[in-house]
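Novice: Shown below is the structure under consideration.
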Amino acid sequence: MNDPSAPASAALVRPFIMTGGRTRTTRREVRWEAMVEAFGATPADMTSEQMAIVSAAAVPVSIAELSALMHLPTGVVAILVEDLLDIGCIELHQTDPVEIELSALTRMIERVRNL
């Protein structure tokens, strides 16, 4: 059954075709929790998946959220985001993963102490 909210080409094109056969990103900063935001002009030769990302990223959205919206694996969306970064029509906002881990550990320690 096809989902009407998925890009039209998602049902027809295999993920490895969308990524040009790539299975990983080359940039470390392109992680699933990174926030993507569109800006500037968009090239006319973008794929429908890239256009869907740019459209959804009119407001900051994470790569994981884009993956859920587009019904595509997170790795595929990350590669597409990397391509859009190379084109220069989106920017990536990220948090320091060490800060996230430390704050999560601190909350866990506090909850254990409260037990």
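The values are calculated or read from the model by the stated rules, or taken from the named source; none is laboratory data. On a predicted model such as this, the values are computed, not experimentally measured, just so you know. Because the Cβ atoms are built from the backbone with ideal geometry, glycine has one as well, and the counts that use them run over all protein chains shown.
Novice: Please go through (1) modelled with pLDDT of 85 or more; (2) surrounded by fewer than 11 Cβ atoms within 10 Å (Cβ to Cβ); (3) assigned to a loop (DSSP other than H, G, I, E, B) for residue 109 and return the number of the only condition it doesn't satisfy.
Specialist: The one condition residue 109 does not meet is (3).
Novice: Identify, please: which residue in the range 69-100 is modelled with pLDDT under 85 and in a loop (DSSP other than H, G, I, E, B) and is, among those, surrounded by the fewest Cβ atoms within 10 Å (Cβ to Cβ)?
Specialist: By that ranking, first place goes to 96.
Novice: Restricting attention to the range 34-46, report how many residues are modelled with pLDDT under 85 and either polar (S, T, N, Q) or under 15 Å from the mean Cα position of the chain (by Cα) (or both).
Specialist: Residues flagged as modelled with pLDDT under 85 and either polar (S, T, N, Q) or under 15 Å from the mean Cα position of the chain (by Cα) (or both) within the range 34-46 amount to 1.
Novice: So, one more: Do any residues in the range 20-40 that are at positive phi have Cβ atoms under 8 Å from those of residues that are part of a loop (DSSP other than H, G, I, E, B) and of a type outside the set (D, E, K, R), where the two are at least six apart or on different chains, and which pairs are they?
Specialist: Listed by first residue and then by second, the contacts come to 40/88; 40/89.
Novice: In the range 36-49, which residues are of a type outside the set (Ser, Thr, Tyr) and either more than 18 Å from residue 77 (Cβ to Cβ) or surrounded by fewer than 17 Cβ atoms within 10 Å (Cβ to Cβ) (or both)?
Specialist: Selection gives 37, 39, 40, 41, 43, 44, 45.
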